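Below you will find the structure I want to go over with you.
The values are calculated or read from the model by the stated rules, or taken from the named source; none is laboratory data. This is a predicted model, so every value here is computed, not measured. Glycine gets a Cβ as well: all are built from the backbone with ideal geometry, and neighbour counts include every protein chain shown.
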């Protein structure tokens, strides 16, 4: 029982990070039907920038919460800038090109970002300094740490804020209009380019915070941490129904839980033939299964196959 | 304009290229055997790019896990010709087996996923590549199949009876080292592969691929069994990867999951994109360029940095990867049809789609 609960808590934590990253994928996809392969690298960039700031401030006598906040405040604008530039340089010129073209530039951008990060921060991972005291709470035999609570709360807050932004503001209306039909939205006086830029910026901001959260959770940040995380978050977005905000949140949390439970129980279920080192496989199996059996995802509407 | 239009000039050109290719390993060997090895790896990459070109270039399916098939071929060879299982089958038996197994994996991946739209397919293949690598890494227990992260070593080199490709010997008074022998072997296989590719492109199947790439729905309306034809592209591409993997195993003598990471898939993709998707000669050019230029940089930038700053600031590996990334982005932005574009591709990529979204 307590293993079960523990895995649920761990899954919920990672799942909320996946959800935040998945929102970035789903927003961009919803608006320009592009899988932004480089989105995972924004998460990495956010973690690296934040860790540099946090590392520099760790020696000072500032309270730990302020230090982490400073890291986030540095990471978010940095990622927003990169996200904005990415769209401007690599995706906008190709908006009317065949589908394959922006997909390939996205892969290129991802490789470039990763290796620029490698140049800046070198191969060795950045460690999170020991500034946050380890707080543990016990719930029915399972342990939840302060960091986990903070991650889950932050994610919920960000999801709520994003939902408000998309459904309650003028900009949100413009975003939804653009995603439904860019041409008509343009005719209605919406500056589509601005809306698309803004979508990338919001997605990048979310990715930066996600980067800080996942970095803090694992205690390290690494130049190559983005791609696997990005892929999992994308799987989460597809699981929930890509293009659908609520779907991305649901998909992320479900994927986190599936992964944690899978890793926790696969050993027992298969008589230790497979161990928890197969954890990373679950996301892809979920992805393939969803695409084969329900390509529109859990909450997505049925969309026609457009080649 | 086209000098190859004249048949005599064409033959003169071919003869010159043939002489250059035949003499190349000896010229390279004088600069160091390492360069012959680089040439061999370049040929392998050309081989891989040709295989990926069938999938991406001909059929227009973006496969980001292509290296998985390379891995499958390499592991098939390694398992059947090494002390690991104490099997030592001859290479001409294993290479076809490797191609067949890789082909099987291609079908295994393709069958459930080919219904998907292009960009979904890309990410599923990417996941597939990772799954294969994770399995290779972990299938060392409970039964030791792949030997895990340690990889498999002491893999048999190619050999015909007592003629082994790994030893150097003197043939007709000329010293021929192991890599040089491999060079000719690989070159022969590569020429075969190029011929197969050229024939494929203009065959009935090749035209069907092109039709699917241009407009899948129209192709289906014309009576093409799109799923089957796409599956065929996957299987063909995969078997090329399988053969290349087998050769890689034999040349290296050692393989581990480390050699089959995502970055390698992207490298092969860059080669295809740089040269020109769908054009066999373009792909050959792209693969040769992206194999040699980074090595040249390694030998020039590294000493240059040392002499300028006294230490190496940018690792050659990073330069190589940045080059790949830039190749992908810049080619798509400024020359989307590649250095040597195929005629159809050029037409398709230069004209933006009409606003029919």
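Pick from A:283, A:260: which is within 10 Å of chain B (Cβ to nearest Cβ), surrounded by 17 or more Cβ atoms within 10 Å (Cβ to Cβ), more than 30 Å from residue B:215 (Cα to Cα) and modelled with pLDDT of 80 or more?
Checking each option against the conditions leaves just A:283.
If you check B:278, B:282, which single one turns out to be outside any helix (DSSP H, G or I) and either modelled with pLDDT under 90 or surrounded by fewer than 24 Cβ atoms within 10 Å (Cβ to Cβ) (or both)?
The match here is B:278.
For every residue, the table says whether it meets (1) within 11 Å of another protein chain (Cβ to nearest Cβ); (2) free of Cβ contacts under 8 Å to residues at least 60 places away in the same chain; (3) under 22 Å from the mean Cα position of the chain (by Cα).
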position: B:103; (1), (2), (3): no, no, yes
position: B:107; (1), (2), (3): no, no, yes
position: B:111; (1), (2), (3): yes, no, no
position: B:115; (1), (2), (3): yes, no, no
position: B:120; (1), (2), (3): yes, yes, no
position: B:124; (1), (2), (3): yes, yes, yes
position: B:133; (1), (2), (3): yes, no, yes
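Next question. Taking region A:63-120 on its own, how many of its residues are within 9 Å of chain B (Cβ to nearest Cβ), surrounded by fewer than 16 Cβ atoms within 10 Å (Cβ to Cβ) and either farther than 18 Å from residue A:41 by Cα or within 20 Å of the chain's Cα centre (by Cα) (or both)?
2
Check off (1) under 23 Å from residue A:250 (Cα atoms); (2) touching a residue at least 60 places away in the same chain (Cβ under 8 Å) for residue A:120 and give me the number that stays unchecked.
In the conditions (1) under 23 Å from residue A:250 (Cα atoms); (2) touching a residue at least 60 places away in the same chain (Cβ under 8 Å), residue A:120 misses (1) alone.
Let me ask something else about it. Before we move on, is residue A:125 within 17 Å of residue A:54 (Cα to Cα), at pLDDT below 85 and surrounded by fewer than 22 Cβ atoms within 10 Å (Cβ to Cβ)?
no
Would you mind telling me which numbered condition in (1) within 27 Å of residue A:293 (Cα to Cα); (2) in contact (Cβ under 8 Å) with a residue 40 or more places away in the chain; (3) within 14 Å of chain B (Cβ to nearest Cβ); (4) surrounded by fewer than 22 Cβ atoms within 10 Å (Cβ to Cβ) residue A:233 fails?
Of everything listed in (1) within 27 Å of residue A:293 (Cα to Cα); (2) in contact (Cβ under 8 Å) with a residue 40 or more places away in the chain; (3) within 14 Å of chain B (Cβ to nearest Cβ); (4) surrounded by fewer than 22 Cβ atoms within 10 Å (Cβ to Cβ), residue A:233 misses just condition (4).
So the check is Cβ under 7 Å with 6+ separation or different chains; which pairs have a first residue in region A:58-71 that's in contact (Cβ under 8 Å) with a residue 60 or more places away in the chain and a second one that's not in a helix (DSSP H, G or I)?
What qualifies is A:58/A:129; A:58/A:131; A:64/A:131; A:64/A:132; A:67/A:58; A:67/A:131.
Right, something else. Going through region A:167-183 one residue at a time, which ones are within 21 Å of residue A:91 (Cβ to Cβ) and not in a loop (DSSP other than H, G, I, E, B)?
Those that are within 21 Å of residue A:91 (Cβ to Cβ) and not in a loop (DSSP other than H, G, I, E, B): A:171, A:174, A:175, A:176, A:177, A:178, A:179, A:180, A:182, A:183.
So, one more: Among the residues of region A:171-184, which ones are free of Cβ contacts under 8 Å to residues at least 12 places away in the same chain and more than 12 Å from every other protein chain (Cβ to nearest Cβ)?
A:172, A:173, A:176, listed by residue number.
Then there's this: Looking at A:219, A:215, can you tell me which residue is crowded, with 24+ Cβ neighbours inside 10 Å, more than 9 Å from the chain's Cα centre (by Cα) and more than 14 Å from chain B (Cβ to nearest Cβ)?
None of the others qualify; the one that does is A:215.
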